[in-house]
1. How are the Cα pair distances of the range 123-199 distributed, in percent, across 5 Å bins from 0?
2. Give me the percent of the accessible area of the range 26-158 that comes from carbon and sulfur atoms, probe 1.4 Å, all protein chains in place.
3. Taking θ as phi - 60°, what are the ³J(HN,Hα) couplings along the range 187-197 by the Karplus curve (6.51, -1.76, 1.60), each to the nearest whole Hz, with x for Gly and Pro?
4. So which aspartates and glutamates pass the test for Lys301, namely a Cα distance under 16 Å, with those fewer than 8 places away in the same chain ruled out?
5. Taking the Cα atoms of the range 213-260, what is the range of coordinates along each of the three principal axes, in descending order and whole Å?
6. Given that compact globular proteins tend to follow 2.2 N^0.38 Å, what is the ratio of the alpha-carbon Rg of the range 58-211 to that value?
7. Students often get this wrong, so check it: of Lys257/Lys295; Lys221/Lys245; Lys112/Lys209; Lys69/Lys100; Lys236/Lys295; Lys69/Lys90, which have C-alpha atoms separated by over 19 Å?
Amino acid sequence: MQAIRRGYWTLLTFALSAVFAGAVPECPVEISPQRAVVKYGDPVTANCTTTQTPRGMGWEATVGSTGMKADVQSVTWNVSSLTDWTAEPKCYGNFNTDPKQCRKNLNISLYKYPDSVSLSPVDQMVEGRQYQLQCEVQNIAPVQYLTLNWYRGQTLIHSQDFFTNTTRTPVNVSATLLITPDRVDNGQPFTCEAELNLGPEGPQPPPAKQSDPLRIAVLYKPRFLISGNERVKIEKGKDLLLSCKTSANPLPTFKWKTPAGVDDNRKEGDQLFQAPAVPGDYECIVENQIGSISKIFSVEKIPDKTVFWSIIGAGIVVIVGLIVGYAFKRYRGNKNSVI
């Protein structure tokens, strides 16, 4: 048993020695900042430092390379105007101890605002049908940080990201949004907004550029402001006034069918019907190029109050007369019995 244990510990010690022997020491240089977010054409600076004394250290880059500097523990990468989209600056150091040579990359994000953001024009739409809005973003980078926001008025209705596109140079982006307009959208401004979300190291709030507003004309069939058929009562001697108010785009035409069967064609936008009162059903038909609707007004006359009160008065007189006659008869009957 002891022999087995000794063999186990021997194997474990050998395995641990192999692991530590193969471990790679960490590179002793540090870059500050670790990530630089730079607007196209702006200056940029980054420092590379070490706590050891290297034989030499420096920056390798397509622009702003410093070459190797001896007997220093800090070296600065500085570019007065960064316009190189391929820039990947690296700080390196040569040391007397392991690692003999190492390097670290500066994470750099060079960005550019779009030249323009625009919505393709749309002449008009019909309520309830599906349409496609198209937004064009010209010359923006890097596109992987782009968020495209769609607004109806001041309300955000959709956002779209482009994380999977890792192109670093400026590109043109085209995006679409499917909408089904409602009558409340008539005249509403739609806009699209290109927003660059560059992270906590980037500008805050994130830079954004909006398109000019696109105001859409939405066509829709008529709709009554008061839905359903109506019952109308009118007094004797008064004219009939019916209101058939609707909302519609474009303006509708109105047609009235009276109890006499006469069609009264009204001009566009005329929503009222006025005529001497005749009891019966009046049908209002409203139509535009999108559709038509109709409703019925059932007109009844209110009974004449003069006749009503005359009848009531006559009834009262009759009742009073009967009561007086009955009382008088009783009185006469009682008087005869006493004699």
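The values are calculated or read from the model by the stated rules, or taken from the named source; none is laboratory data. Remember, predicted model here, so these are calculated numbers, not experimental data. Keep in mind that these areas ignore ligands, DNA and RNA; they rest on the heavy atoms of the full protein, side chains included. Shrake-Rupley method; radii C 1.70, N 1.55, O 1.52, S 1.80 Å.
1. Going from the shortest bin to the longest, the percentages are 3, 14, 24, 22, 15, 10, 8, 4, 1.
2. On the range 26-158, the fraction of accessible area on carbon and sulfur atoms equals 43 percent.
3. Karplus-based 3J(HN,Hα) across the range 187-197 equals x, 5, x, 9, 9, 10, 10, 9, 10, 9, 9 Hz.
4. Cα-Cα hits under 16 Å: Glu230, Glu235, Asp239, Asp281.
5. Sorted from largest, the Cα extents of the range 213-260 read 56, 20, 18 Å.
6. Taking the Cα Rg and dividing by 2.2 N^0.38 Å, one obtains 1.51.
7. Lys236/Lys295
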